[in-house]
1. In segment 319-361, which GluC sites (Glu not before Pro) are in a loop and have at most 12 other Cβ atoms within 10 Å, using DSSP for the loop call?
2. When DSSP beta bridges are limited to those with both residues in segment 155-309, what percentage is antiparallel, rounded to the nearest 5?
3. Beyond 20 Å, what share of the Cα-Cα pairs of segment 273-362 remains, rounded to the nearest whole percent?
4. Quick one: net charge of Pro124's neighbours, Cβ under 10 Å, K/R +1, D/E -1?
5. When Lys and Arg each count +1 and Asp and Glu each count -1, what net charge do the other residues less than 14 Å away from Leu216, Cβ to Cβ, add up to?
6. Among Ala189, Leu157, Asn53, whose Cα lies farthest out toward the positive end of the dipole of the chain, if unit charges sit on the beta carbon of Lys, Arg (+1) and Asp, Glu (-1)?
7. For the chain, what is the convex hull volume of the alpha-carbon atoms per residue, in Å³?
8. Roughly what % of Cα-Cα distances in segment 295-342 sit above 12 Å, to the whole percent?
Amino acid sequence: MNDGRTPEPRESQETPGLPQLIGDCVHCGFCLPTCPTYVLWGEEMDSPRGRINLMDQHVQGEPMSPPMVEHFDRCLGCMACVTACPSGVQYDRMIEMTRAEVEREHPRSLPERALRETIFRLFPYPNRLRVLRGPLRAYQATGLDRLVRRTGLLERLSPSLAAMERLAPPLSRAPRLPERVAARGGRRATVGMLTGCVQREFFPGVNAATARVLALEGCDVVIPAGQGCCGALSLHAGREEEARAFARRTVVAFEAVDVIVVNAAGCGSAMKEYRALLADDPEWAGRAEALSAKTRDLAEFLVELGPRAERHPLPVTVAYHDACHLSHAQGIRSQPRALLAGIPELAVREIADPEICCGSAGIYNLLQPEAAAELGDRKAASVRATDAELLVAANPGCSMQIATALERQGVRLPVAHTAEILDASLRGCVPFNPGPGRA
């Protein structure tokens, strides 16, 4: 019974299990120093503990007000709090469920809706990104990008559009991979490879390096032509039905392979979540469970496989960046470091406060550009403090975010994926120019 003063808890179909998950939090505060937004602003409602309190208020009947939504929107979903929590609170699951409810209940403004629709009609579709490559290459080649930035016009029109323009990496010709790359030497395994969306079109060299490394380590690499977006951006933004549709397509594309290797941290994290995303779908639950079980990050798989190909020396000092969806979501920290440590003459330097997100967080740097820029500047300063000649990261969003922040600070530091460093060592070449310089 309700006495008219306290709202009844909302055990609705919209938030299955959320009240139970909320109850796991004992409000100890161990999450606070690892939360990027709490570190920036020191506001309780912009911490995991504060957001869980807001979730509880909503479950108890409080409407989804604009200030409440703003605190949820400010969360990066980096999951550093999940790593720090001694009680095993599933904040990652809670924020995804809450964001799905925000998308169902909260009427966003027209500019917000327009921005989000632009993002979600473009980034999860590699073919659309490919069409964008030509005009973007011309824009960069003519120097128009530098002119636009000097005028500050985009910043005045839309900070989100300005962030999107700044984050675009320099583009060159994009090599296209065949559907199968044969193992070199005796075949040790057959693997499927996810090529991704942004990775495929903006960082095609990472995919080419990944395929070469796998082949040199004795793997037949299958690259299904029918693959598309894995649904990571949609899943982490609360667009559940859209994420499920992408997940089903990915399951079909990779069902015939025994292992799936992923070289983008956010994608690997999402694919390992398919078991939860499609758990309530009788037709797909088992198939999603099977796909999640056979998904491996590139570093994770190579360490499991063990090295065979000869590593040639790379006399360079690198700073390794822990992508949140690799370290916190997948618990993969030692494997990339082990791979780098196996390269002769390569020295790895640690970045201070590795648990604090760089501000990329999927599309966070487009939706919350000011906060993302602050976090990017903090991370860039920590990278510079290592005096490394090269930054290594395992996620395209992180690479773009940190490179942009370094440029803001007047530094051009080469950024490479773990796959590219391994590829250079296995082939005995240095495809980058180490050594930081002024922009």
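Taken together, the values in this text are just the output of simple stated rules run on the coordinates, not laboratory data. Please read all numbers here as calculations on a predicted model, not as lab measurements. Because the Cβ atoms are built from the backbone with ideal geometry, glycine has one as well, and the counts that use them run over all protein chains shown.
1. The qualifying sites are Glu345.
2. Of those bridges, close to 20 percent are antiparallel.
3. When every Cα pair of segment 273-362 is considered, 52 percent fall beyond 20 Å.
4. Counting the neighbours of Pro124, the net charge comes to +2.
5. So the surrounding residues net to +2.
6. Ala189
7. Output value, Cα hull per residue: 143 Å³.
8. Beyond 12 Å sits 67 percent of the P(r) for segment 295-342.
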